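Q: Quick one: structure below, then a few questions.
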Amino acid sequence: MTRALELGIDTFGDVTFDADGHPLSHGEVLRNLVEQGARADLMGLDFIGIGEHHRADFAVSAPEVVLAAIAAKTERIHLGSAVTVLSSDDPVRVYQRFATLDGISGGRAEVILGRGSFTESFPLFGLSLDRYEELFEEKLELFVELIKQGPVSWQGTVRSGLSEQNVYPHTESGTLRTWVGVGGSPESVVRTARHGLPLMLAIIGGSPVRFAPYVDLYHRALAQYGQPAQPVGIHSPGHVAETDAIAREQLWPHYSVMQERIGRERGWPPMTREQFEDSAGPDGALYVGSPETVAQKIAAAVTALSAERFDLKYSNGTMPHAQLMQSIELYGSAVAPRVRELLAESVD
């Protein structure tokens, strides 16, 4: 790492349960999410990312609107998507929405662009999955031109071209911090490097160490394309509670149901408790436990991958709002300072 580590959180706006085990309305989830963002800012965290989905089990289809509400209640935390499904959106409108958020928040907006692990947005907006790769490739090319904030000239096949077109509003900094979310495809890593954009690795299974070759590939590709050094970030799920046992018992029933629901759609077998415990162990991708356990695991992962950002996906299926708020508080008050302490000790 060459810059100070940033510690953030991510959520997909999962539909959560109340204390009696009943699902909340989408509106209640959205209002709770604004509270969670305000608490993250109060706890000194660096970033909150909100994912875009178009299905019943997630409440957020327009992250920028929710982020603007959080911006009005916060002072320093950076605000972004996790991810924006650029393939099924219009790059000009995505840029305009996030540039607007940047102005409202005083320069705190970021965007994480991706193809998305869910595909509901494609039929919803009249797009063919047959053009999955082409849509993202061309729209990312256009977005890179848009964040330069000059007159844009661009031609492609997925939307009408632009000729010396100015796009507004402009950000006060002259650009918009733009990451690309990648799940482990070498082609996606190289494409991100070719455009000179920061890389956000979505590590949701297996050992984080197995992503080290992708980080090495990314840095080599940046050099090959003559691009400046860019940060690498990690996005992984987890939950923080007072002890390891409490954290795992709180998380397991909600996490297992979520995994089973998504697994049915994708042909995965149900997750066993043994698999859950393995993922929660030192070499797994689930950051669940006491503040010390989670901090040790984060420090090890960011060191192994030379990462400069770690975002904990703190929302996990139907887990209640109160437990999410407590997890955010412990992450900000205990995990974050301990991670920085551990990293400082490793340098010494």
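The values are calculated or read from the model by the stated rules, or taken from the named source; none is laboratory data. The model shown is predicted, which means the values in this text are computed figures rather than measured ones. All Cβ positions, glycine included, derive from the backbone under ideal geometry; neighbour counts span all protein chains shown.
Q: Inspect all residues belonging to segment 215-230 and state whether any of them is of a type in the set (A, V, I, L, M, F, W, C) and loosely packed, with under 14 Cβ neighbours inside 10 Å. Walk me through how you get there before you give the answer.
A: First, pick out the residues of segment 215-230 that are of a type in the set (A, V, I, L, M, F, W, C): 215, 217, 221-223, 229.
Okay, now just the ones that are also loosely packed, with under 14 Cβ neighbours inside 10 Å, so 223, 229.
There is at least one residue in segment 215-230 that is of a type in the set (A, V, I, L, M, F, W, C) and loosely packed, with under 14 Cβ neighbours inside 10 Å.
Q: Here is a further query. For segment 298-308, check the following and say yes or no: at least one residue is of a type in the set (A, V, I, L, M) and modelled with pLDDT under 95.
A: Restricting attention to segment 298-308, the residues satisfying the condition of being of a type in the set (A, V, I, L, M) are 298-302, 304-305, 307.
Going one step further and asking which of them are modelled with pLDDT under 95, we end up with none.
No - not one qualifying residue is present in segment 298-308.
Q: Follow-up question, since we're still on this one. Given the condition among the charged types (D, E, K, R) and surrounded by fewer than 18 Cβ atoms within 10 Å (Cβ to Cβ), answer yes or no: does some residue in segment 64-75 qualify? Don't jump to the end; show me each part of the working.
A: First, pick out the residues of segment 64-75 that are among the charged types (D, E, K, R): 64, 73, 75.
Now narrow it down to the ones that are surrounded by fewer than 18 Cβ atoms within 10 Å (Cβ to Cβ): 73, 75.
So far as segment 64-75 goes, yes, one or more of its residues are among the charged types (D, E, K, R) and surrounded by fewer than 18 Cβ atoms within 10 Å (Cβ to Cβ).
Q: Can you find, within segment 279-301, the residue that is nearest to the chain's Cα centre (by Cα) among those that are assigned to a helix (DSSP H, G or I) and either of a type in the set (Gly, Ala, Ser) or exposed (fewer than 14 other Cβ atoms within 10 Å of the Cβ) (or both)? Let's see the steps before the verdict.
A: From segment 279-301, those assigned to a helix (DSSP H, G or I) are 279-280, 291-301; that's our starting set.
After this cut, where a residue has to be either of a type in the set (Gly, Ala, Ser) or exposed (fewer than 14 other Cβ atoms within 10 Å of the Cβ) (or both) as well, the list is 279-280, 295, 299-301.
Numbers: Ser279: 19, Ala280: 20, Ala295: 19, Ala299: 18, Ala300: 20, Ala301: 16 Å.
The extreme case among them is Ala301.
Q: Considering only residues that are under 17 Å from Ile203 (Cα atoms) and either of a type in the set (Phe, Trp, Tyr) or touching a helix residue (DSSP H, G or I) at 6+ places or on another chain (Cβ under 9 Å) (or both), which ones fall in segment 308-334? Walk me through it before giving the result.
A: So in segment 308-334, the residues under 17 Å from Ile203 (Cα atoms) come out as 308-316.
Correct list: Glu308, Arg309, Phe310, Leu312, Tyr314, Ser315, Asn316.
Q: Could you tell me whether Ala40 is buried (at least 16 other Cβ atoms within 10 Å of the Cβ), among the aliphatic types (A, V, I, L, M) and more than 24 Å from Asp89 (Cα to Cα)?
A: On the way: buried (at least 16 other Cβ atoms within 10 Å of the Cβ): yes; among the aliphatic types (A, V, I, L, M): yes; more than 24 Å from Asp89 (Cα to Cα): yes.
Yes; evaluated as a whole, the condition is true for this residue.
Q: Still on this structure: Counting only residues that are in contact with a Lys or Arg (Cβ under 9 Å, 6 or more places away or on another chain) and surrounded by fewer than 19 Cβ atoms within 10 Å (Cβ to Cβ), which one in segment 167-182 is nearest to His235 (Cα to Cα)?
A: Thr175
Q: Considering only residues of segment 5-30 that are of a type in the set (Gly, Ala, Ser) and surrounded by 10 or more Cβ atoms within 10 Å (Cβ to Cβ), which is nearest to Ala62 (Cα to Cα)?
A: Our first condition is that a residue be of a type in the set (Gly, Ala, Ser); within segment 5-30, this holds for 8, 13, 19, 21, 25, 27.
Within this subset, residues satisfying the condition of being surrounded by 10 or more Cβ atoms within 10 Å (Cβ to Cβ) are 8, 13, 25.
On the way: Gly8: 20, Gly13: 11, Ser25: 16 Å.
Among those that are of a type in the set (Gly, Ala, Ser) and surrounded by 10 or more Cβ atoms within 10 Å (Cβ to Cβ), it is Gly13.
Q: Shifting gears a bit: For segment 54-71, which positions are out of contact with any Phe, Trp or Tyr (no Cβ under 6 Å at 6 or more places or on another chain), of a type outside the set (Asp, Glu) and not in a helix (DSSP H, G or I)? Full working, then the answer.
A: So in segment 54-71, the residues out of contact with any Phe, Trp or Tyr (no Cβ under 6 Å at 6 or more places or on another chain) come out as 54-57, 59-71.
Filter again for of a type outside the set (Asp, Glu), leaving 54-56, 59-63, 65-71.
Listed by number, the residues that qualify are His54, Arg55, Ala56, Ala59, Val60, Ser61, Ala62.
Q: Residue pairs, Cβ under 9 Å, 6 or more apart or interchain, first in segment 34-56 and at positive phi, second at pLDDT 95 or above and part of a helix (DSSP H, G or I). List them.
A: Close Cβ pairs satisfying both conditions: Gly44/Gly332; Gly44/Ser333; Gly44/Ala336; Gly44/Pro337.
Q: Check Leu222, Leu201, Leu197 and return the single one that is in a helix (DSSP H, G or I) and either on the phi > 0 side of the Ramachandran plot or at pLDDT 95 or above (or both).
A: Working: Leu201 fails: in a helix (DSSP H, G or I); Leu197 fails: in a helix (DSSP H, G or I).
Testing whether each residue is in a helix (DSSP H, G or I) and either on the phi > 0 side of the Ramachandran plot or at pLDDT 95 or above (or both) leaves just Leu222.
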